[in-house]
Amino acid sequence: MQAKTAQAEKKALAEKKAQAEKKAAADKKAQTDKKALAEKKAQADKKAAADKKAQTDKKAAAEKKALAEKKAAADKKAAAEKKAQARKKVNSPTQINSQQKRDSRTELLTVSVSLNTGKIVSIASIGILASAILVSAMVFIAG
């Protein structure tokens, strides 16, 4: 009888061990499934974020292009208006009459005087610089 009880205990122990192994395997499988699900969710979130960023970039580019086109159209319109105003000014009757009077006069002699201020300024600055150097040299020699 002891052999039967020992055998029954061994059998019960083996069954418990098998159940524990099955439970451990099931737990391990559940953990790997949970981990895989978390990875899939992270990848989906990354993809959604990338798609959202691409969409916002595309929208910003479209807005920028529309703004540039609007600005170009406004510039073109302003240039056309400016050109039209310039034409109106040239065609005024008083300017045409005064130009005709000037052209109809007989000129005996025309004298034109031009003054190059750049050369005058450069010569004056060279003179001031030279006088400053001479004065400083005299102070150095005297002192």
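What does the net charge come to around Glu69 if you take all other residues with beta carbon closer than 15 Å to its beta carbon, with K and R at +1 and D and E at -1? Could the numbers behind the result be given before it?
On the way: positive: Lys64, Lys65, Lys70, Lys71, Lys76, Lys77; negative: Glu63, Asp75.
Value of the local net charge: +4.
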| query | How far is helix 117-142 tilted, in degrees, relative to the longest principal axis of the Cα atoms in the chain, given as a value from 0 to 90 rounded to the nearest 10? | reply | 80 degrees
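To the nearest 0.05, how large is the calculated FRET efficiency for Glu21 and Ala49 if R₀ is 30 Å and r is the Cβ-Cβ distance? Before the final figure, lay out the partial values.
On the way: r = 42 Å, r/R0 = 1.40.
That gives a FRET efficiency of 0.10.
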| CD proxy at 222 nm, helix term only [per DSSP H run n ≥ 4: -39500 (n - 2.57); per residue of the chain; nearest 500] | -33000 deg cm²/dmol
| message | Can you give me the distance in nm between label points at Ala79 and Lys4, each placed 7 Å from the Cα along the Cα-to-Cβ direction? | response | 11.2 nm
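Rounded to the nearest 0.05, what FRET efficiency do Lys11 and Thr32 give with R0 = 30 Å and r taken as the Cβ-Cβ distance? Could you check? Please report the intermediate quantities before stating the final value.
Working: r = 31 Å, r/R0 = 1.05.
It comes out at approximately 0.45.
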| task | Quick one: Debye curve from the alpha-carbon atoms of segment 2-97 only, equal weights, vacuum; give me log10 I(q)/I(0) at q = 0.10, 0.18, 0.22 Å⁻¹ to two decimals. | result | -0.69, -0.96, -1.07
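Since every read-out is calculated from the coordinates, none of them should be taken as a lab result. Values in this document were obtained by computation on a predicted structure and should not be read as measured data. As a convention, Cβ positions derive from the backbone with ideal geometry for all residues, glycine included, and neighbour counts pool all protein chains shown.
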